[in-house]
Each structure stands twice: as C-alpha cells, then as structure tokens.
Amino acid sequence: MDMKQLRSFVEVARLRQFTEAANRVHLSQPAVSTQISALERELGVDLLERTTKRVTLTEKGELFYSYALRMLELEQTALEKLSDSMGQMITLGASTIPSSYLLPPILSGYRSENAGCFFRVLQSDSHTAVSQVLDGTVDFSVVGEVPDNPALTIREICRDQLLIVTPVNEHYMTLKHHTPSLQQLFQEPVILRESGSGTQKNFDRFLERHHIHKEDLHVAACANDLEAIRKMIVSGMGISMMSACSVRDLAGSGQVLVYQMHEDISRHFYIVWQKRRSLTDSERNFIGYLEKNVPR
C-alpha cells in the first residue's frame, strides 16, 4: 500500500466516479483503476462496486475510507512538521463549536504576538478530534466531550451555557409569552445534531433527566452542519438546543428567540493532548494563551 493508491481511492470514493478523480490526482483513468485494483488485492477485500453508470463503496470500502483519510492527514502533518518553511506549526483538532466560534479570535490574537507560528486546524466531531490526538494526526484537540482515557492530559478552558433556541414568528412569540413547560416546548418540531456532537449528547442527557423520550419528539431534521441548523431555525423549521456562543449573533440581531431553562444547562470545552508527549516551549505558550483568552 502506498500513499498514491490512498489518494486515488479517496478521490474516487469522494466523487463516486473515476474520470474526475483521475483529473484531481493528475493521472489517467486506467492508472487510477489499476492503483485501486492493486490496493484491493493487497487488502484482500473489494472496496468499490463498479457499474457502467456509477461507483459505490462496499461496506469494507466505507470503513477503509475513514482510515485512508486519517492516513493522508497524518502524512500531511508529518510533511508540514518537517518543513522549515512553515516555521513553528501547531496542528489542532477541533469539534464544530470550538473551530467556528472559540478558536478563530484566539488563533488570530496568538499569531499577532507570535508571527512565526503557523496553525493547521482539522474540524470534526469530538470523538474524531480526540482520536486524532491519540493517533498523532494532531498535537492538540479542543473539544466539548472527552473520554476518561489515562493516555490523555485534559484541561478545561471554558464553560458555555446551552439554550433552547426557536424561530421568531407569531407562533413562537406567543408561545414564549405564555412560558411553556418543557413538555409543551418539545411538542414543537425539533432539529437535532449528529450523534457524535457534544451538544447533542448534552441534549440527550437533558431529555433523559426530564423524562422526555427522544422517540416521542417531532424531529424535523438531523444535521451535522451547525450553520445549516442555524439557518433552519431562522427560516422557521423548528427548535433546537444550541451552545450560547453559537447563536449569540442571531439572538443579538433578533433572528431567533432564546429560552433559558430554570436549571443551569451548560457544557465545558477542553484542550487535550497525549500525556506522554513532551511539549515544546511554543506549545506551552499557546496552551497558556488559550487558557487566559478564551471567553469564560
């Protein structure tokens, strides 16, 4: 197995066709087909189902695709770490909310004081971001959920409140005016996050505490794209539980209504790294800067 075979396989798997994939990796279509056939022989499994009209992944192909992506990311990290032209590089894994709302101003501020530092950020769900720390794809991950793993050093960096967020229209404004119970509120269409999301895990625990069965919810949509969920709420599709920092702008501009629960519903964000890892001075400085400057 070599990296050229992996790149060809990933492009075919992503695009579901050979012609465009061959263009992306700058090879002929027969060359790409030959590479993937060789990869399948080496692995002893069929990765693709080929027909005259389409290409689909087999069950083994779906599994291998996730590993192939990780191997290519690890290769890229290694090359950048060894490149003098990059200066001091810090590779970060991050779940959706940290990568979109917490880290951008922090990285900008740190760079203004440390111009020689370069960041590479890989966004994923919390589970994947932690796995990337364990397999060495990233130096650190900033996540909302971490496992109890003795191989990890875990430091809390901030706490964020979780809110019930609804559209702004006559129905929801009237509903809020009458201070609905949780049972009434969750009769409304609900938009859920993907199962790997830390926010969704907190939402599931919240429902369980209040004896609200998930199967009884009127689920309007389930999405792994936070920005898509924000737009769904604004357009009136349904309600959702959201991190306060992810809807601060929408609430401030009057595009959504926010319900603060009687109980304190909050989550924490953490920076994690391998416990056995020896940190450089630059990495220690970054962790210190992060802990001091993330809004709490």
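For region 1-85, the list of trypsin sites (Lys or Arg not before Pro) that fall in a loop by DSSP and count at most 14 other C-beta atoms within 10 angstrom reads Arg16, Lys53, Arg54.
In the chain, the longest principal axis of the Cα atoms and the axis of helix 59-82 are about 80 degrees apart.
In this structure region 78-198 gives 44 Å² per residue of accessible area when probed at 1.4 Å with all protein chains present. Annotation: lysines with alpha-carbon distance below 23 angstrom to Lys292 (same-chain offsets under eight excluded): Lys275. Averaged over residues, the count of other Cβ atoms within 10 Å places the peptides 184-193, 245-254, 122-131 in the sequence 122-131, 184-193, 245-254, highest first.
Simple rule: put +1 on each Lys or Arg Cβ and -1 on each Asp or Glu Cβ in region 1-143, find the dipole, and look at Leu107, Ser66, Thr34; the Cα lying farthest toward the positive end is Thr34.
Convex hull of alpha carbon positions in region 35-164: directionally averaged projected area 12.6 nm². Straight-line reach only, C-alpha to C-alpha below 21 angstrom: list the lysines that Lys60 could link to, leaving out same-chain residues fewer than 8 apart. Counting by Cα, and skipping residues close in sequence, Lys60 has these lysines nearby: Lys4. Our estimate of slack between Leu217 and Asn293, defined as 0.36 nm per intervening residue step minus the Cα-Cα distance, is 23.5 nm. Have a look at Ile287, Ala220, Leu152 and report the one farthest towards the positive end of the charge dipole of the chain, computed about the Cα centre with Cβ charges (Lys/Arg +1, Asp/Glu -1). Looking along the dipole axis, the top candidate is Ile287.
Placing +1 on the Cβ of every Lys and Arg and -1 on the Cβ of every Asp and Glu, with nothing else charged, gives the chain a dipole about its Cα centre of roughly 280 debye. What GluC sites (Glu not before Pro) in region 155-251 are in a loop by DSSP, with at most 15 other Cβ atoms within 10 Å of the Cβ? Those that pass, being in a loop and sparsely packed, are Glu194.
Over all directions, how big on average is the projection of the convex hull of the alpha-carbon atoms in region 232-296, in square nanometres?
For region 232-296, the mean projected area of the Cα convex hull comes to 7.0 nm².
Could you give me the percent of Cα pairs per 10 Å distance bin for region 155-296, shortest bin first, beginning at zero and ending with the bin that holds the maximum distance? The percentages, shortest bin first, are 10, 37, 30, 14, 7, 1. Once C-alpha pairs closer than 8 Å and six or more residues apart are averaged by separation and normalised to the residue number of region 167-280, the relative contact order reads 35 percent.
Ranking Met242, Met1, Met71 from most to least accessible surface, computed with a 1.4 Å probe over the protein chains only, gives Met1, Met71, Met242. Based on DSSP H segments of at least four residues, each scored -39500 (n - 2.57), the chain has a per-residue ellipticity at 222 nm of -14000 deg cm²/dmol. For semi-axes √(5λ) of the Cα gyration tensor in Å, the candidate list reads (i) 27, 23, 23; (ii) 31, 24, 16; (iii) 38, 28, 17; the entry that matches the value derived from this model is (iii). Straight Cα distances below 24 angstrom link Lys176 to the lysines Lys214, Lys231, with same-chain residues fewer than 8 positions distant left out. For the chain, the fraction of 1.4 Å probe accessible surface lying on carbon and sulfur atoms is 50 percent.
The values are calculated or read from the model by the stated rules, or taken from the named source; none is laboratory data. Not measured: the values here are computed from a predicted model. A quick note on method: Cβ atoms are made from the backbone with ideal geometry, for glycine too, and the neighbour counts reach across all protein chains shown. The area values use the complete protein model at the heavy-atom level, side chains included, leaving out ligands, DNA and RNA. Shrake-Rupley method; radii C 1.70, N 1.55, O 1.52, S 1.80 Å.
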